[in-house]
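Take a look at the structure below.
A short reminder: the numbers here are calculations on the coordinates, not readings from a lab. Nothing here was measured: the structure is a model prediction, and the numbers come from that model. Every residue, glycine as well, gets a Cβ built from its backbone with ideal geometry; the counts of neighbours run over all protein chains shown.
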Amino acid sequence: MVVILTDRSVTYRSRDLRAPAWVPDFWMSDLLSQIATERSDAAFRRLFDEFGPRIRDYMRRRGADTATAEELAQETLLTVWRKAALYSSDKGTPASWIFTIARNLRINRLQREVVWQELSSEQADAIPSEDAAPDDTVAARQRQVRVQAVLAELPPDQRDVVTLAFIEGLSQSDIAARLSLPLGTVKSRMRLAYQRVREALEDLK
Amino acid sequence: MSTPISQHPDPATLMSFAAGSLSEPLAAAVAAHASMCAGCRTELDDMDLMGAALLGASTAAPGGGVPAPARPRDTLSSAIGPHNRRSPNDKLPAPIARQYGITLDTIPWKRLAPGVWQHRLPLSPGVKGDLRFYKLAPGAKLPDHGHAGAELTLVLDGIVVDGPNRCHVGDLHEVDDQVEHEPGADNEVGCICLVASEGPPRLTGWRGLVLRLLHRWRRRSHTESAAANKLG
């Protein structure tokens, strides 16, 4: 099934949301530790090149105009830059940390609502750890790789639902309306998708 | 002695929370539960990985790169999220205590009916739904109600009983909009709970009718006395 996802400016096909390279190298890269240790202009620019357009796109899909979306992308990445030394991988990966910063800014700035979600490095903020144990870093990456592999293999009907939730920011009832599905079907597809993720991570706990 | 948490949000609800697409009142209840439940925090971390993977796989809209500012400024918002989970001396979950600046002992209760008190928490402008504390005396019941949308009940103290279901501190009881139910407090201990719903509760049954009439009467007498004050 091809789902047409629209916002004011662009028409997307859900097929396009699945980039052919589902496990992009940079997503796994040492960029964040480079940023934390080197503080180089090159690392800073790379951060913006790689994450900037995605975060701007993410904000636009939730209704931000281009200027606002760009501003929020910059703010997300400046937060990453500023806090990179505090990042620790005991809970998440650099990518999940960046995702949660972008998500929380979207809730606060675009939706003007209370942010109830924590950042995925929340503990790291309280306890700055400059040297996360290498084992933790490896394990976190392994988890990210597994999750990406699961999502790449997800049946399209489940992938469409989780993409609409995470990337378009649609509520379950909005997803049901968009896809002309009963609410219960949306919920069960989300459960099934998470079930696969959980199974894939089981032995890494 | 406490009973371990045995009732958790539906994974679909947790996932919407992680995606940032759960309505504000429900998100408040999930955050409060997660602050009490390590298992749900771990699941949320996994779901953040899903968000990261999906963000990485999404194609950026046309329009080139995002220009990097010349030099990082240090004027960043504190808007990126809450900090610190626990409020050590209070049974109120830290996210709620922090957001509303209250403790369980300082909730300004309003009596709703014999043995039933409530305190409604404000939501952001334009947000639909409802978030409130209820305090029930032992054996007291909330009015029968159905709802527009899902309803989450988080037990903060005592025991909540909803039909055959007994919920203890930390349990999050989730019902969808098909359900009409009449939750109440345990006969021995009473309860305090946080109830979040996507829409206002639709009161049904005779208790609901009485409450609706009472509410209307109160509002009218309030309007009348305000009018009288103006005249005086």
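The residues neighbouring B:Thr153, those whose beta-carbon lies less than 11 Å from its own, together hold a net charge of -3 under the Lys/Arg +1, Asp/Glu -1 convention.
Counting Cβ atoms of other protein chains within 10 Å of each Cβ in A:189-195 and taking the mean gives 5. Measuring between alpha carbons in the structure, the pairs from A:Lys187/B:Lys141; A:Lys187/B:Lys91; B:Lys91/B:Lys141 lying more than 26 angstrom apart are A:Lys187/B:Lys141; A:Lys187/B:Lys91. Listing A:Arg198, A:Arg56, A:Arg39, A:Arg109 from fewest to most neighbouring C-beta atoms within 10 Å gives A:Arg39, A:Arg198, A:Arg109, A:Arg56. How big is the gap, in Å, between the Cα center of segment B:1-49 and the Cα center of segment A:159-187? What the calculation gives is 19 Å, centre to centre.
Is the shape of segment A:154-205 rounded, prolate or oblate, going by the alpha carbon gyration tensor and its root eigenvalues a ≥ b ≥ c, with a/c under 1.5 for rounded and a/b larger than b/c for prolate? It is prolate, given that a/c is not under 1.5 and a/b is the larger ratio.
Modelled spin-label separation between A:Arg198 and B:Glu188, with each label point placed 7 Å from Cα along the Cα-to-Cβ direction: 3.1 nm.
Shielding by partners for peptide A:52-62, expressed as the average number of C-beta atoms from other protein chains within 10 Å of each residue's C-beta, is 5. Remark: B:Cys40, B:Cys193, B:Cys167 ranked as B:Cys40, B:Cys167, B:Cys193, counting other beta-carbon atoms within 10 Å and listing the fewest first.
Taking the fewest neighbouring Cβ atoms within 10 Å as the starting point, the ordered list for B:His33, B:His119 is B:His119, B:His33. Take the Cβ atoms of B:Arg111 and B:Lys141, set R0 to 22 Å, and the FRET efficiency comes out at 0.90. Which residues in segment B:116-140 have a backbone N closer than 17 Å to a point placed 7 Å from the Cα of B:Leu214 along the Cα-to-Cβ line? Output list for this probe position: B:116-120, B:133-140. Extension gain, A:Arg82-A:Ser40: 0.36 nm per intervening residue step, less the Cα-Cα distance, totals 13.9 nm.
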